[in-house]
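Student: Below is one structure. I have some questions about it.
The values are calculated or read from the model by the stated rules, or taken from the named source; none is laboratory data. Computed from a prediction, not measured in an experiment: that's the story for all the values here. Neighbour counts are summed over all protein chains in view; Cβ atoms, including those assigned to glycine, are modelled from backbone coordinates with ideal geometry. Ligands, DNA and RNA are excluded from the accessible area calculation, which covers all protein heavy atoms including side chains. Shrake-Rupley method; radii C 1.70, N 1.55, O 1.52, S 1.80 Å.
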Amino acid sequence: MTKPSDVPPPFRAADYIAPPSDPADERIEVGVLIVGAGPAGLACAIRLGQLLEDAPEIRERLGEVPVAVLDKGKQAGAHLLSGAVVNPRALRRLFKGRKRVDEMPFYGPVEHESVYFLTGKSAFRIPTPPTMKNDGNYVASLSRLGRWLAEQAEAGGAMILPETAADKLLVADGRARGVRTGDKGRGRDGEPLGNFEPGADVVARVTVLAEGTQGHLTGVALQRFGLAGDSPQVWALGVKEVWKVARPLDRVIHTMGWPLRAAAKYREFGGSFIYPMGSDMLTLGMVVGLDYRDVELSVHDLLQELKTHPFVRKLLEGGERLEWGAKTIPEGGFLALPKQLHAPGLLICGDGAGLVNVPALKGIHYAIESGSLAAEAAFAALQRGQTPWTPGALSAYDEALAQSFVWRDLQEVRNMRQAFGRGFWLGGALAGMMTATKGRFPPGNMRTERDADVEPIRAGRARSYPAADGKLTFDKLSSVFASGNKTRDDQPSHIVIRRHVPTDIAELWTRMCPAQVYEPSESGVDVTPSNCVQCGAITAKGGRLTPPEGGSGPEYTQT
């Protein structure tokens with residue numbers, strides 16, 4: 001069968017890099033520009049606000065808008081999705097002496113937790129792996145936490161600009177100068193409509209890319225400045241639902257095993273999570289590595305299948321689905337980190353940098369910590385006599401990150417995700433030894449294979465997917481509606497793929513996409529971009545996601 005990497009997208013990073021083009025007096029000038037209103041970007045804005053409180057001279061030099069945050073979503077939090085169980089460590093440091101954890105919008109601490117190994121009809125409770133223990137952690141909705149963080153950032157003086165896509169990275173004289181925002185009001189073929197608004201150059205002394213998973217300009221910057229690491233980044237796809245339930249759930253639950261297949265030939269790595277959200281809601285989701293092989297595998301349909309298991313079905317009885325969403329998760333870990341996270345005038349943080357601990361199922365507190373450290377490095381480079389765009393001026397960020405708990409945590413588990421490429425049982429045994437030795441076994445680094453380079457097979461995965469009944473199980477289109485997606489259907493396509501592809505690639509994309517964007521055709525594949533919830537899976541498997549018109553996509557509120 002054809003590999004996704006055999007049909008690369010007609011995408012050139014150079015097309016998304018340009019010098020400022022607006023006349024100097026028409027450019028939007030800000031002090032520090034942050035791209036992305038997720039936990040990393042908002043933590044960066046909050047920390048900068050705190051530092052500028054005691055530095056009025058620097059605040060004045062940065063102009064009318066010392067800190068600006070661009071976000072492509074309808075509002076802060078609209079594109080944020082995670083499990084989520086949050087380690088509060090980085091939030092405590094960020095808000096030390098200002099906010100207590102009990103003032104943050106959590107559903108409460110993790111009081112009990114269970115891990116189960118599922119077979120088709122049974123659930124066997126197993127000891128919680130050390131990396132997955134959640135003592136002291138809190139259950140949250142990331143979209144809700146994002147809205148709260150945005151309020152704190154604005155209270156500290158940041159300007160947040162939603163519905164604003166960062167389309168191009170502005171580079172001149174070898175340094176990042178800011179971004180060009182995307183046009184609005186173009187038709188399907190790119191023609192200006194009656195409500196057309198051109199994008200604008202937003203220039204800054206320091207640009208912080210905190211775009212999250214599959215960051216568009218992050219990928220462009222890694223290539224332009226030669227920052228990519230030696231190992232490729234790989235991803236998982238998570239699909240989740242929020243339910244109103246008749247009976248409260250009193251614990252955090254994780255499952256492994258069914259409906260995934262354990263044999264190494266399938267390369268199906270992942271599991272599910274079920275978390276309480278107060279007394280009358282819960283969230284459940286399925287996460288699967290995108291290095292799977294079966295062209296018929298669909299994470300959305302696996303989640304629907306999971307809900308038919310007696311153990312899970314009982315938790316949902318008498319309930320109602322409220323919301324649905326999907327997002328990719330960087331899983332390459334320490335080995336896939338860029339070789340440096342700064343360039344002249346530029347910093348990269350959060351999921352865009354790949355700061356996720358896969359065995360611990362954690363990344364939010366790493367994003368927050370990296371955003372805080374990026375703010376501190378930017379602030380230091382903005383002192384009188386400093387120039388943040390000279391080579392090495394922002395290297396303090398890399399140095400601080402390397403000395404932080406983020407680096408230590410990721411280094412200890414650097415080979416765990418790679419081990420599971422050998423199948424569930426062997427991967428689990430290797431992971432146990434890695435945990436016991438804190439990453440010292442095996443010595444060295446294991447090989448990482450790009451998701452798009454994995455050889456596909458056809459192994460009949462779709463035969464077991466349940467039909468949608470609209471009560472327990474749901475199809476993809478009704479799920480897109482449940483995401484709040486309001487993408488205009490006559491805007492230009494933001495998905496860059498080859499349309500004339502072999503049948504197996506067309507089916508792989510069709511099954512993979514949780515939002516029914518792709519459909520096999522006689523000549524290859526048809527695309528419905530307006531269905532897209534911007535999960536990013538296509539970038540891992542042979543295409544390239546770019547930002548649609550600002551304000552498009554899902555409008556998550558509880559994910």
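Student: Can you quote the Å³ per residue value for the convex hull of the Cα atoms in region 40-166, rounded to an integer?
Tutor: 144 Å³
Student: Based on the Cα gyration tensor of region 273-328, what are the three equivalent ellipsoid semi-axes, each the root of five times an eigenvalue, rounded to whole Å and given largest first?
Tutor: 24, 13, 9
Student: With N set to the number of residues, divide the alpha-carbon radius of gyration of the chain by 2.2 N^0.38 Å and report two decimals.
Tutor: So the Cα radius of gyration is 0.92 times the expected 2.2 N^0.38 Å.
Student: Would you work out which of Pro109, Ala172, Cys513 lies farthest towards the positive end of the dipole of the chain, given +1 charges on the beta-carbon of Lys and Arg and -1 on that of Asp and Glu, about the Cα centre?
Tutor: Pro109
Student: In whole angstrom, note down how far apart the Cα centers of region 98-161 and region 162-204 are.
Tutor: 35 Å
Student: Still on this model: Would you please put 349-360, 219-230 in order of how densely packed they are, using the mean number of other Cβ atoms within 10 angstrom per residue and starting with the highest?
Tutor: Taking the mean over residues of other Cβ atoms within 10 Å, the ranking is 349-360, 219-230.
Student: Using Stokes-Einstein with the Kirkwood hydrodynamic radius over Cα pairs, what translational diffusion coefficient do you get for region 263-393 at 25 °C and a viscosity of 0.890 mPa s, in µm²/s rounded to a whole number?
Tutor: 135 µm²/s
Student: Taking the Cα centre of region 1-143 as origin and charging only Cβ (+1 Lys, Arg; -1 Asp, Glu), how large is the dipole, in debye to the nearest 20?
Tutor: That gives a dipole near 820 debye.
Student: Right, here's the next one. Rounded to whole Hz and in sequence order, give me ³J(HN,Hα) for region 484-497 from the Karplus expression 6.51 cos²θ - 1.76 cosθ + 1.60, θ = phi - 60°, writing x for Gly and Pro.
Tutor: x, 4, 10, 5, 5, 7, 10, 8, x, 5, 9, 10, 9, 9
Student: Determine the relative contact order of the chain: mean sequence separation of Cα pairs under 8 Å and six or more apart, normalised by residue count, in whole percent.
Tutor: 22 percent
Student: Which sequence of Leu472, Leu303 reflects their accessible areas, 1.4 Å probe, from the largest down?
Tutor: Most to least solvent-accessible, the answer reads Leu472, Leu303.
Student: Something else: Sort 488-498, 33-43 by the packing proxy (mean of other Cβ within 10 Å over each peptide's residues), most packed first.
Tutor: Per-residue Cβ counts within 10 Å, averaged per peptide and sorted highest first, yield 33-43, 488-498.
Student: What is the Cα centroid distance between region 471-550 and region 256-276, reported in whole angstrom?
Tutor: Using only Cα atoms, the two centres lie 24 Å from each other.
Student: While we're on this one: For a quick check of understanding: with a 1.4 angstrom probe and all protein chains in place, what accessible area in square angstrom does Lys362 have, to the nearest ten?
Tutor: The accessible area comes out at roughly 20 Å².
Student: What Kirkwood Rh does region 455-559 have if only Cα atoms enter the pairwise 1/r average? Answer in Å.
Tutor: 14.8 Å is the Kirkwood radius here.
Student: Pairing the Cα long axis of helix 424-436 with the longest principal axis of the chain, what angle in degrees results, from 0 to 90 and rounded to the nearest 10?
Tutor: Between the helix axis and the principal axis of the chain, the angle is about 50 degrees.
Student: Which value, in debye to the nearest 20, describes the size of the charge dipole of the chain about its Cα centre when Lys and Arg Cβ atoms bear +1, Asp and Glu Cβ atoms bear -1, and nothing else is charged?
Tutor: 1680 debye
Student: Turning to a different aspect of this structure: Could you tell me how many cubic angstrom of Cα convex hull volume region 222-316 has per residue?
Tutor: Taking the convex hull of the Cα positions in region 222-316, it is 140 Å³ per residue.
Student: Under unit Cβ charges (Lys, Arg +1; Asp, Glu -1), what dipole magnitude, rounded to 20 debye, does region 130-192 have relative to its Cα centre?
Tutor: 120 debye
Student: Please report the antiparallel percentage of the DSSP beta bridges confined to the chain, to the nearest 5.
Tutor: 70 percent
Student: Per 0.36 nm of contour for each residue apart, how much would the distance between Glu53 and Asp250 grow if the chain were fully extended, relative to their Cα-Cα spacing?
Tutor: Gain on extension, Glu53 to Asp250, equals 66.7 nm.
Student: Further question: By accessible area of protein heavy atoms, probe 1.4 Å, what ranking do Phe311, Phe405 get, highest first?
Tutor: These residues rank, largest area first, as Phe311, Phe405.
Student: In sequence order, what are the phi-derived ³J(HN,Hα) couplings for region 235-246 according to the Karplus relation 6.51 cos²θ - 1.76 cosθ + 1.60 with θ = phi - 60°, rounded to whole Hz, with x for glycine and proline?
Tutor: Taking θ as phi minus 60°, the curve returns 9, 10, 10, x, 10, 9, 9, 10, 10, 8, 10, 7 Hz for region 235-246.
Student: Exceeding 19 Å between C-alpha atoms, which entries from my cross-link table qualify? They are Lys133/Lys265; Lys240/Lys471; Lys74/Lys471.
Tutor: Lys133/Lys265; Lys74/Lys471
Student: Compare the peptides 453-459, 313-319 by average per-residue count of other Cβ atoms within 10 angstrom and give them in order, highest first.
Tutor: With the highest mean Cβ count within 10 Å placed first, the list reads 453-459, 313-319.
Student: Ignoring everything except DSSP H segments at least 4 long, calculate the 222 nm mean residue ellipticity for the chain; use -39,500 (n - 2.57) per segment, divide by total residues, nearest 500.
Tutor: Calculated from helices alone, the mean residue ellipticity at 222 nm is -7000 deg cm²/dmol.
Student: Quick one: Karplus J couplings for region 385-402, per residue in order, coefficients 6.51, -1.76, 1.60, θ = phi - 60°, nearest Hz, x for Gly and Pro?
Tutor: x, 9, 10, x, 9, 7, x, x, 5, 9, 5, 4, 5, 4, 5, 5, 5, 5
Student: Taking the Cα atoms only, what angle lies between the long axis of helix 39-53 and the longest principal axis of the chain, rounded to 10 degrees?
Tutor: 30 degrees
Student: To make sure I understand the rule: partners must be aspartates and glutamates, Cα under 17 Å from the Cα of Lys99, and not fewer than 8 residues away in the same chain. Which ones qualify?
Tutor: By straight Cα distance, Lys99 reaches Glu53, Glu151, Glu154, Glu369.
Student: Could you pull the accessible area for Lys244 with a 1.4 Å probe, rounded to 10 Å²?
Tutor: 90 Å²
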